[in-house]
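No value in this document is a laboratory result; all are computed from the given coordinates. Since we're looking at a predicted model, the values are computed, not measured. Using ideal geometry, Cβ is built from the backbone for each residue, glycine included, and neighbour counts are taken over all protein chains shown.
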Amino acid sequence: MAVEQTLSIIKPDGVQKNLIGEIYSRFEKAGLEIVAARMIHLTLDQAQGFYAVHKERPFYSDLVSYMMSGPVVVTALQGEDAILKHREIMGATNPADADPGTIRADFAASIEENVVHGSDGPDTAAVEIAFFFGDDGVCPRTR
Ligand code: IDP
Ligand code: MG
């Protein structure tokens, strides 16, 4: 195990459903600490840029529209095994496949509108955290 950081987004449907506190409570109770946070309504450039890895996928333009449909809350979370832990709490991409008690099983409407994003590995986590928080936007805990 190692201390890692992961990029977490409460997507527009999660914000609309007023789940910000509920979702971050689950992450905090699992021992993850918020080390950066911002609320933002993504522009087209930002939504396309963030999901550029998916640009060849058939759902890309719908995904970009969905991510721009309302504000999102973006955080960086830190903790032991943060990337995997966050993905476990989030659940599978398709809520129909997500384990009971995961965020997506509890709150997601569909494979597309699935409430939360989480990084899938250390390399993508670093790129995604820099995408939203630059070089100096993360606040390591000092106490
Ligand atoms: P992840 O969010 O679980 O890491 P990815 O495969 O990285 O899943 O897909 C990114 C996002 O694209 C998903 O969270 C979901 O919003 C959307 N998405 C993924 N697969 C589909 C699909 O088959 N149809 C529609 N949207 C999809
Ligand atoms: Mg992904």
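Before moving on, here are some points about what is shown:
- Unit Cα scatterers, Debye sum, segment 54-136: log10 I(q)/I(0) for q = 0.10, 0.23, 0.25, 0.26 Å⁻¹: -0.27, -1.32, -1.37, -1.38
- Orientation-averaged projected area, Cα convex hull of the chain (nm²): 8.4 nm²
- In nm, spacing of pseudo-spin labels at GLU88 and ALA30 (7 Å Cα→C-beta vector): 0.8 nm
- If you wrap segment 89-133 in the convex hull of its Cα atoms and look at it from every side, the mean projected area works out to 3.4 nm².
- Top of GLY21, GLY91, GLY79 by mean-square fluctuation, Gaussian network on the chain, Cα under 10 Å: GLY21
- Going from the fewest other Cβ atoms within 10 Å to the most, the residues THR124, THR6, THR102, THR142 appear in the order THR142, THR124, THR102, THR6.
- Potential lengthening of the chain between GLU56 and ASP106 amounts to 15.0 nm, from the contour at 0.36 nm per residue minus the alpha-carbon distance.
- Using the alpha carbons alone, the radius of gyration of segment 4-56 stands to its Kirkwood radius in an Rg to Rh ratio of 1.01.
- For ALA36, the residues whose modelled amide H falls within less than 5 Å of its own, excluding neighbours fewer than 5 places apart on the same chain, are ALA76, CYS139.
- Taking amide H as placed 1.01 Å from N in the peptide plane, GLU4 has its amide H under 5 Å from the amide H of GLY79, GLU80, ASP81, ALA82, each at least 5 places away in sequence or on another chain.
- Residue-count net charge about ALA82 - beta-carbon cut-off 15 Å; Lys, Arg +1, Asp, Glu -1: -4
- Karplus 3J(HN,Hα) series, Hz, for segment 58-73 with 6.51 cos²θ - 1.76 cosθ + 1.60 (x for Gly, Pro): x, 8, 4, 5, 5, 4, 4, 4, 4, 5, 9, 6, x, x, 10, 10
- For the pair segment 101-124 / segment 21-52, the C-alpha centres are spaced 11 Å from each other.
- Within the straight-line cut-off of under 28 Å between alpha carbons, the lysines reachable from LYS29 are LYS11, LYS17, LYS85, sequence neighbours fewer than 8 places apart in one chain being disregarded.
- Rg/Rh for segment 29-90 (Cα atoms only, Rh after Kirkwood) is 1.04.
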